[in-house]
Amino acid sequence: MKKLILSAAALFAFGFAQAQETTEGGKGFSNGDIFMTGSVGFSSTSTGDDKANEFTFSPSAGMFVTDNIAIGLELSISSATEEDGFSDELKTSQVGIAAFGRYYTTPASDFSFFAQLGVGYVSVKAEQGPNEVKANGFGVEFNPGVSYFISENFALQATIGALSYSSVEPDFDGAESTDNFELNLNLSDIQLGLVYKF
């Protein structure tokens, strides 16, 4: 029994020393830290006369209000064009803003799991020739994720779009909303990114 207690005490002391060393080294997150992340994407598809291009840009910033909890804002901008050679070009643009909160399990270490809950608003505009349609909507999304610090200021981040609900309604009389509920656990829904901590 005495050996078991001494072993447990030694293991606890070693773990505490490792945690202290990690925190003093500057890696990990703590109360008051500010971070930025985001994504940029471009895609182009062409089949005969059918062409499609899309550009996306989503920067976000957050701040730790406690040792484990961070809050922040995310901006999303996207633009897409489609043409088939027979009708006018279809242009779609979208602007959105979202607030999010994250809970980190071990923020002071190099490696940490987190859960993010976000609520956002989006405005969409579609144009084809003289026709124009606008729509507005909101969404709620839950994402689990993981981060790993590769230096004092940079961390790799991976999230998966697990659970989301959105509702978008065109901006004209008599329009009905399009409601969408998704549960995604596919590897194709994993998003990788880089985080910078100030």
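Annotations for the structure displayed:
- Of the residues in the range 74-94, none is open to solvent by less than 70 Å² (accessible area, probe 1.4 Å), touching a strand residue (DSSP E or B) at 6+ places or on another chain (Cβ under 6 Å), among the small types (Gly, Ala, Ser) and farther than 24 Å from THR45 by Cα.
- Of all residues in the range 118-151, those satisfying the criterion of being closer than 26 Å to SER78 by Cβ and in a loop (DSSP other than H, G, I, E, B) are GLY129, PRO130.
- Considered as a group, the residues in the range 44-68 that are among the aliphatic types (A, V, I, L, M) and either at pLDDT 95 or above or exposed (fewer than 15 other Cβ atoms within 10 Å of the Cβ) (or both) include one that is nearest to GLN157 (Cα to Cα), and that residue is ALA61.
- A Cβ distance below 6 Å, combined with a sequence gap of six or more or placement on separate chains, defines the contacts here; from the range 67-81, residues that are free of Cβ contacts under 8 Å to residues at least 40 places away in the same chain and farther than 14 Å from ALA115 by Cβ reach residues that are open to solvent by 40 Å² or more (accessible area, probe 1.4 Å) and among the aromatic types (Phe, Trp, Tyr) in the pairs ILE77/PHE57; SER79/PHE55.
- Any hit, the range 100-119, residues being open to solvent by 60 Å² or more (accessible area, probe 1.4 Å) and at pLDDT below 85: no
- Within the range 157-198, the set of residues being surrounded by 13 or more Cβ atoms within 10 Å (Cβ to Cβ), at pLDDT below 80 and among the polar types (S, T, N, Q) comprises just one member, ASN184.
- Single unsatisfied condition, ALA108 versus (1) under 30 Å from TYR196 (Cα atoms); (2) touching a strand residue (DSSP E or B) at 6+ places or on another chain (Cβ under 9 Å): (2)
- Test result for PHE149, touching a residue at least 40 places away in the same chain (Cβ under 8 Å) and surrounded by fewer than 13 Cβ atoms within 10 Å (Cβ to Cβ): no
- Scan the range 26-43 for residues that are at pLDDT 90 or above and open to solvent by 80 Å² or more (accessible area, probe 1.4 Å) and the total you get is 2.
- Qualifying residues in the range 152-198 (those that are outside any strand (DSSP E or B) and over 27 Å from SER93 (Cβ atoms)) - the one nearest to the chain's Cα centre (by Cα): ALA162
- Among the candidates ALA115, ALA126, residue that is within 21 Å of SER177 (Cβ to Cβ) and free of Cβ contacts under 8 Å to residues at least 60 places away in the same chain: ALA126
The values are calculated or read from the model by the stated rules, or taken from the named source; none is laboratory data. The model shown is predicted, which means the values in this text are computed figures rather than measured ones. Neighbour counts run over all protein chains shown; Cβ positions are idealised from the backbone, glycine included. The area values use the complete protein model at the heavy-atom level, side chains included, leaving out ligands, DNA and RNA. Shrake-Rupley method; radii C 1.70, N 1.55, O 1.52, S 1.80 Å.
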